[in-house]
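Quick notes on the structure that follows.
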Amino acid sequence: MAVVPKFVGERIKRREDPRLITGTGQYVDDVRLPGMLTALVLRSPYAHAKINSIKLDAAQKVPGVVAVLCGDDLKDKVGSVPCVAPAEHVPYHPVLAQGKVRFVGEGVAVAVASDAYIAQDALDQIEVDYDPLEAVTDPEQALEAGAPILHDEFKTNSVTLASVPNPAVDEAMNKADKVIRFRIHNQRLAPVPMEPRGVVARWEPGYKQLTIWSSTQIPHLMRSQVADMLKLGENKIHVIAPEVGGGFGAKLNVYAEEALISHLAITLKRPVKWIERRRENLSGTTHGRDQIVYLEIAANKDGEVLALKGRFICDMGAYLQLLTPAIPGFSGLMMTGCYKIPALAFDQQMVFTNKMATDAYRGAGRPEAAFIAERTMEAVASEFNLDPADVRRKNFIAKASFPAPTAGGLVYDSGDYELTLNKALDQIDYNKTRAEQAAAAKEGRYIGIGIASYVEICGIGPSALLPPKLKGGGWESCTVRIEPDGKVTVLTGVSPHGQGQETTFAQIVADELGIDIDDVTVVHGDTALVPYGIGTFGSRGTTVGGPALMMSVGKLQAKMKRIASTMMEVPPEQLEFRNRTIAMASDASKSIALQTVIEAAYGYKTVIEGVEPGLDATSFYEPSACTFPFGTHVAVVEVDSQTGQVKFLRYVAVDDCGKVISPLLVEGQIQGGIAQGIAQALYEEVKYDEGGQLLSATLMDYAVPKANMLPHYELLSTVTPSPVNSLGVKGVGEAGTIGATPCAYNAVLDALKRLGIRDLDMPLKPETIWRAIRDAKKA
Amino acid sequence: MFPASFEYHRVSSVKDALALLSQFGDEAKILAGGHSLLPMMKLRLAQPAHLVDIGAVHELAQIQEQGGRILIGGLATHHSVETSSIVKAKLPILAECAALIGDIQVRNRGTIGGSLAHADPAADYPAAALALEAEMTLENPGGKRKVKAADFFLDLLTTAVQAGEILTQVSFAALGAGTGGVYLKHRHPASGFATVGVAAVVTLKGTNFDKVRVGITGLGAKAFRASSVEKALAGKASDAIAAAASHAADGVDATSDTYASGEFRAELARVYTRRALEQAVARVKA
Ligand SMILES: Cc1cc2nc3c(=O)[nH]c(=O)nc-3n(C[C@H](O)[C@H](O)[C@H](O)COP(=O)(O)OP(=O)(O)OC[C@H]3O[C@@H](n4cnc5c(N)ncnc54)[C@H](O)[C@@H]3O)c2cc1C
């Protein structure tokens, strides 16, 4: 038999792609069950209104309609949509509005019919009598006296105020050469997964068993919460996350529809399907960011930053979803970025507004932090007329300082920030590009060079960092089962939806056991098959799920070595897995076929003392610490001063995510991440008008960039393994997004620097840029 | 997302289509590529009881050259216009305009007749049709009539096409010697439609303008000829372009939306008009 090659570190194509490309994967909408009904939800056209009455009878009479319900019908039957993050004010969040609607897109009624067309006919027949109320969409206005109050019982729109004071910050402000102050708004964004949400629920009355297919990132955590909402035992609910067409944090949640559709299936005793429409997705699936910070920077003339202070106002929206008030935390803790800034203080005011709830969105708190840190570096460079690269070098945490405690109280695991900066600047040929920029300026052209060095936090982490009310911690689970025929099944608690663990985990297992990658199947997203797991978010799949896998593989390796050792009469410590055998490390000719050992484990004809039959191991890995991926992105742009349009000339990214298992997948994550980061800098914005109408409710308005709106990426990397886990990995799902937003932003602002333009709101739309240039030229 | 119920009719001739239109009157709508009509039906903003699908009327999809004119059937897709060797050779500006519409899926389904008849204020073709002085053939049960582009676009989503009529052909004069044309657009980053689109067609006599035609879309409720720009250039040399282009938005009530204010749109119209005219001149000289 041919020698089995090594897989880790090789450019392996994603093993999940063929079925997705050929349309043979199964998404929620592909689930078709006998007798299945379709549900559609009627949504509020008002941002804030009292519901006087809802007339359902005409809708109920439409032929083909099975049920039409509104919020009042569900009181005491379905519990509140959960928020597990701590906050002073956590409102009751009904699955369909009761008495009041608080944002455009809030569910008001549901129609269940034999098909979607009839369900829509029914929705058209529902009459809701609303009394519109004054709405508030600006979080700063929402805090003012006299602002309309969203939840009367709290008498305020404050959700909670979190403070991290530090007297050293004020001392630093007093002694610094200069205190620089400005305001940053990380605008509201929509995650826009290609596949919207969707739920199919089936109730089997004889078995009293509920099955939920949902497009979710967290099948187990969702099951726990829905069990609570429906007062069902967790062992009576089977959740399946089939193919999930993108999540980006928006599906790290528990939504009204997951409980509502389940309730309908139980009461109607028929399977019910609900597939979210794009307009619903843009209005009623969690948004991201929407964070204002008033920033104060204490800095010296030589570029040294002494302290940072931030007063945050964080828009939570109308209700709190699963982790809503927890997201801004990392924006504060991580805002010193890659820098040894000694003092940090911040407070975060979370606010209710008449908008959809915000929650995790690719980066979840860290893009805001990186944006603050990188705007800080640029501001200091501008203020003291220093080169922005030099200011970064001056402040970087040095390579020798790791593990590095930070002003935010974190400990960065490992890093070499200057290396990524130098590599990126070499690639771009920094001095030459600066010279070209100056030459272009003489011709009246506006070329800009943007730098962003970022560090982020992944693999979160020790369970104590997660909210106490979350039924689950920061750990992850994995079962590895070697089947009697030698094939391996991996059952992981992470729930990949594009990250590619079916490939990376198979690479790892194949190398560890000396077998072929095609002999490994990775199963995930099914609560009846895999042990309780936490899911996929926060770039944790390989960082936390990987070590759990390694633990189970290790247990099976130890067991098989023991069996082999008895059969070969060689001490187990002298054995290793190689090319489908267990062989003596010192003498490869002394070996036993892996299959012989597997058969011994299953056949168990010879009892081995202290070794149970079978080859199946389950492990739960609790990380001891978080990991901190980092990198530097550099962009060169040209701004058309007459139309405000931005054109990318170069985009270089140097990312370090620790040890790389699958280079092709890492590049894919970085590319997609950069696209979403640039999207925030230049294109995307969820926009509500003052009355709370959503102006970006379709993809004809909300500008997700197409390939032709993005640059060609020059991707480089450095490798600084993490000491935190056995794989040395750090996580890469969000890195690109975190680096790209400040990089693209800084590039555009650098192009406009000679006009004295220092500060523009994102997205940097052509009109925004054109106005700034026009006003600067007038002045 | 889920249209109200309707009856679907697929016809194989213009005659059959006209018969159904007169039978059902207001209740019926022509279905061509469906890329404007179906989105409206899915939102139930349009609820026609009858759809008359002309997709199988193959003679309406043809592109031919006859007596110095290019004749494009109303059912010709954007893709077929973009890739037609006749159009590329004789009306390159129109092929370029078609190539800038939407994305490949839209260009494969959408038709020139549908686009012109729908008259979206941000559609691309209307600007080119105006600058190229296209002539539309409309058929009704009583026969045919021809309408010049300048008389075709009446208002927001409103054209000279009457109820019961079908736009069967769009006719263009091939670009002659000494003539150059360019279409430039500022693409809306989400929809891909023209925030502003400018088609400029110029004929030079020596170094001076003999004829200038500028069509602008996206700026207001309907596409229009920028006659003040055209007049300002009559008989002048190309150094007059900048001053003339500054009139591009004169007298137009410019549209504002979340992406671009009217003020910015007007500026884009001026900048793109100047650039389109300069490039059109360069093409004549090349
Ligand atoms: C995602 C997307 C992006 C787009 N981007 C652009 C863009 O960038 N630029 C652009 O210009 N357009 C764009 N479009 C619109 C596209 O070009 C449409 O195809 C076009 O506007 C309508 O043509 P159709 O053949 O699809 O017409 P349909 O949708 O079938 O019909 C539109 C209307 O015209 C009527 N009609 C159709 N044909 C005739 C006829 N021969 N005679 C009389 N009435 C007729 C119909 O009854 C209907 O009222 C986009 C569309 C989509 C969906």
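What the table shows:
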item: Inter-site label distance for B:ASP26 and A:LYS236 at 7 Å from Cα along Cβ, in nm; result: 5.5 nm
item: Pairwise centroid distance, computed over Cα atoms, of region A:98-113 with region A:433-503, Å; result: 35 Å
item: Approximate spin-label separation B:SER85-A:ASP177, in nm, with each point projected 7 Å along Cα-to-Cβ; result: 7.0 nm
item: Nonlocal amide H pairs with B:LEU31, under 5 Å, H built at 1.01 Å; result: B:VAL52, B:ASP53, B:ILE54
item: Relative contact order computed over chain A (Cα-Cα under 8 Å; 6+ residues apart), in percent; result: 16 percent
item: Assigned charges on the beta-carbon of Lys, Arg, Asp, Glu; region B:70-173 dipole about Cα centre (debye); result: 300 debye
item: Label zone at A:LYS6, where the point sits 7 Å out along the Cα-to-Cβ direction: region A:561-599 residues whose backbone N lies under 19 Å; result: A:575-588
item: Ratio Rg/Rh, restricted to region B:179-282 and using Cα atoms, in which Rh is the Kirkwood radius; result: 0.98
item: Unit Cα scatterers, Debye sum, region A:292-428: log10 I(q)/I(0) for q = 0.10, 0.12, 0.16, 0.21 Å⁻¹; result: -0.37, -0.52, -0.85, -1.23
item: Equivalent ellipsoid dimensions for region B:16-161 as semi-axes, Å, which come from the Cα gyration tensor, largest first; result: 24, 18, 15
item: Extension gain (nm, one decimal) between A:ASP76 and A:ALA439, 0.36 nm per residue minus Cα-Cα; result: 123.6 nm
item: Region A:1-121: relative contact order as a whole-number percent, Cα under 8 Å and 6+ apart; result: 37 percent
item: Neighbour-count order for A:CYS458, B:CYS97, fewest beta carbons within 10 angstrom listed first; result: A:CYS458, B:CYS97
item: Hydrodynamic radius by Kirkwood, which averages 1/r over all alpha carbon pairs of the protein assembly as shown, in angstrom; result: 31.9 Å
item: Label-point gap, in nm, between A:LEU386 and A:ASP759 - each point 7 angstrom along Cα→Cβ; result: 2.0 nm
item: Inter-centroid distance (Cα atoms) of region A:721-779 relative to region B:213-286, Å; result: 33 Å
item: FRET efficiency, 1/(1 + (r/R0)^6) with R0 41 Å, evaluated for B:ALA243 and B:ALA56 via beta carbons; result: 0.20
item: Cα-centre dipole for the protein assembly as shown with unit charges at Cβ (Lys and Arg positive, Asp and Glu negative), debye to 20; result: 1700 debye
item: For A:MET350, A:MET173, A:MET700, order by how many other beta-carbon atoms lie within 10 Å, fewest first; result: A:MET700, A:MET173, A:MET350
item: Span-rule helices in chain A, defined as complete DSSP H runs reaching 30 Å or more along the axis (Cα) with Kyte mean at least -0.5; result: A:541-568
item: Peptide-level mean, for B:257-267, of C-beta atoms on other protein chains within 10 Å; result: 4
item: Cβ neighbours within 10 Å from other chains - mean over B:192-200; result: 1
item: Within region A:634-674: backbone nitrogen closer than 12 Å to the A:VAL411 label point (7 Å, Cα to C-beta); result: none
item: Exposure proxy ranking, count of Cβ atoms within 10 Å, fewest first, for B:SER12, B:SER115; result: B:SER12, B:SER115
item: Under the span-like rule (Cα at least 18 Å along the axis, Kyte-Doolittle mean at least -1.0), DSSP H helices of chain B; result: B:262-285
item: Alpha-carbon centroids, region A:319-363 and region A:531-553: separation in whole Å; result: 25 Å
item: FRET efficiency, 1/(1 + (r/R0)^6) with R0 30 Å, evaluated for A:ASP228 and A:ASN52 via beta carbons; result: 0.45
item: Above-threshold pairs, the threshold being 18 Å between Cα atoms, out of A:LYS309/A:LYS394; A:LYS647/A:LYS765; A:LYS487/A:LYS590; result: A:LYS309/A:LYS394; A:LYS487/A:LYS590
item: 222 nm mean residue ellipticity, helices alone, for chain A (DSSP H n ≥ 4; -39,500 (n - 2.57); rounded to 500); result: -8500 deg cm²/dmol
item: Calculated FRET value between A:ALA588 and A:ASP30, using beta carbons and R₀ = 41 Å, to 0.05; result: 0.30
item: Residues of region B:112-144 with amide N under 18 Å of a point placed 7 Å along Cα→Cβ from B:GLN279; result: B:123-132
item: DSSP beta bridges in region B:17-89 [antiparallel fraction, %, rounded to 5]; result: 50 percent
item: Contact order relative to length of region A:160-248, as percent, for alpha carbon pairs under 8 angstrom and 6 or more apart; result: 28 percent
item: Ratio Rg/Rh [Cα only; Rh per Kirkwood] for region A:614-654; result: 1.50
item: Helix-only [θ]222 nm of chain B, DSSP H runs n ≥ 4, -39500 (n - 2.57) each, per residue, nearest 500; result: -9000 deg cm²/dmol
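None of the figures in this text is laboratory data; all of them are computed from the coordinates on show. Just so you know, these numbers come straight off a predicted model, no measurement behind them. Here Cβ is always computed from backbone atoms with ideal geometry, including for glycine, and neighbour counts include all displayed protein chains.
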